[in-house]
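What follows is a single structure, written as structure tokens, with notes after it.
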Amino acid sequence: MTSPIWQATAQAQPNIALVKYWGKRDDTLNLPAAGSLSITLDALHTRTTLRFDETLAADDVLFNGQHDDLQTRKISAFLDLFRTHAGIATRASVETANDFPTGAGLASSASGFAALALAAGRALQLQLPPHALSVLARRGSGSAARSVFGGFVEMTAGTRDDGEDAFASPLLNAAAWPLTVVVAITSRAVKDTSSRVGMDDSRRTSPFYRAWVATANADLDAAREAVHGRDFARLAEVSEASCLAMHAVMLATRPGLIYWNAATVECIHALRALRAGGTGVFFTIDAGPQVKAVCLPEHAEAVAMALRTIPGVAETMVSGLGEGARIIESDA
Ligand code: DP6
């Protein structure tokens with residue numbers, strides 16, 4: 001009998017949280033302490049080809065063209081969830097690549113695990129409904145649960161111990177409110193403290209952590225209403241507040257997590273000045289120094305031009321909102 005080979009290629013894009021996720025209620029199942037709300041981008045991509053192959057003795061992972069032990073361990077552990085689901089032990093070869101800087105605060109783990117989850121589900125013919133795919137993607141990375149979907153997406157923290165109610169769902173599709181995001185790259189260095197380690201440190205040591213979790217639902221309600229009402233000013237207010245509150249939690253962590261550099265701060269001031277002058281823009285920043293300026297499409301060019309003049313901004317990238325994870329090719 002010939003060995004079956006199941007193969008699928010999936011693509012996913014990073015998402016940017018407007019109401020942030022920072023902290024878990026369970027580390028093992030990767031359950032968030034609170035919900036979050038995000039937008040999925042369309043200009044940055046992860047593409048992943050996965051091939052389950054009975055002749056392989058171990059998983060063989062090529063990450064951005066290189067064999068990397070840490071990434072191989074993470075991906076292998078993630079694929080184990082799918083192998084358990086399918087009742088198989090077959091190893092896989094994985095080729096995954098990002099067309100944007102990895103591990104620099106651009107949500108590469110979100111698009112990475114969303115693409116891998118979709119490819120694995122398809123290759124093994126698991127027929128997973130979208131919310132089940134989101135649950136599995138969450139096991140790889142909390143933010144990956146959101147990249148399963150396009151446009152505006154809400155992640156629910158859930159209350160169950162098994163995490164089956166902690167998944168993302170679409171709120172509004174990208175075409176319904178086509179905002180533009182200008183990303184200002186202020187450093188290409190890989191960050192010192194990963195989100196995973198940083199949020200655990202914050203939970204254990206930041207005196208602001210409990211207040212942060214306690215205010216999440218109010219921010220989520222306000223942001224959800226702003227999205228449904230296409231209310232840019234309201235979304236700007238709640239998004240900047242959520243971002244700054246998360247960074248306050250980070251700063252008060254011991255030792256303090258300072259993800260910003262000088263250019264990050266300059267960008268914040270420049271974007272606030274633009275908004276005060278009538279430009280439709282607000283900022284958000286994740287666990288890294290890049291600044292994401294969310295704008296009304298007609299203002300994106302002016303925002304990009306303004307950000308490019310700031311010393312320390314190495315590059316700007318412009319993106320619309322995009323679709324969720326999707327299959328590009330499959331044998332299954
Ligand atoms: C600052 O999803 O990378 O980007 O679940 O531990 O993999 P893990 O964390 P991750 O954290 C993202 C944190 C953030 C905010 C956000 O995307 O909501």
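One table, with the values for the structure above:
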quantity: Checklist (1) surrounded by fewer than 22 Cβ atoms within 10 Å (Cβ to Cβ); (2) touching a Lys or Arg at 6+ places or on another chain (Cβ under 8 Å) applied to M155, failing item; calculated: (1)
quantity: Strands (runs of 3 or more DSSP E) lying entirely in segment 1-46 (those with 3 or more residues that are at pLDDT 95 or above and either more than 10 Å from the ligand (Cβ to nearest atom) or among the aliphatic types (A, V, I, L, M) (or both)); calculated: 5-12, 15-19, 36-40
quantity: Residue match in segment 253-264 (condition: farther than 26 Å from V197 by Cα and out of contact with any Leu (no Cβ under 6 Å at 6 or more places or on another chain)); calculated: no
quantity: Verdict on A189 being closer than 23 Å to V213 by Cβ, aliphatic (A, V, I, L, M) and assigned to a loop (DSSP other than H, G, I, E, B); calculated: no
quantity: Boolean, F208 is more than 22 Å from I39 (Cβ to Cβ), surrounded by fewer than 20 Cβ atoms within 10 Å (Cβ to Cβ) and aromatic (F, W, Y); calculated: yes
quantity: Test: residue in segment 124-138 that is more than 16 Å from the ligand (Cβ to nearest atom), among the polar types (S, T, N, Q) and over 14 Å from the mean Cα position of the chain (by Cα); calculated: yes
quantity: Filtered residues of segment 13-54 (kept if out of contact with any Lys or Arg (no Cβ under 6 Å at 6 or more places or on another chain), surrounded by fewer than 22 Cβ atoms within 10 Å (Cβ to Cβ) and more than 18 Å from S108 (Cα to Cα)); calculated: K24, R25, D26, D27, T28, L29, G35, R51, D53, E54
quantity: So L271, is it buried (at least 21 other Cβ atoms within 10 Å of the Cβ) and more than 23 Å from D42 (Cβ to Cβ); calculated: no
quantity: Any hit, segment 51-73, residues being in contact with a helix residue (DSSP H, G or I) (Cβ under 9 Å, 6 or more places away or on another chain), touching a residue at least 24 places away in the same chain (Cβ under 8 Å) and among the hydroxyl-bearing types (S, T, Y); calculated: no
quantity: Residue under evaluation G150, criteria (1) away from the ligand (no atom under 14 Å from the Cβ); (2) under 21 Å from L62 (Cβ atoms); (3) in contact with a Gly (Cβ under 9 Å, 6 or more places away or on another chain), criterion not met; calculated: (2)
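The values are calculated or read from the model by the stated rules, or taken from the named source; none is laboratory data. Worth saying up front: this structure is predicted, and the values here are computed from it rather than measured. Positions of Cβ are backbone-derived with ideal geometry, glycine not excepted, and every protein chain shown enters the neighbour counts.
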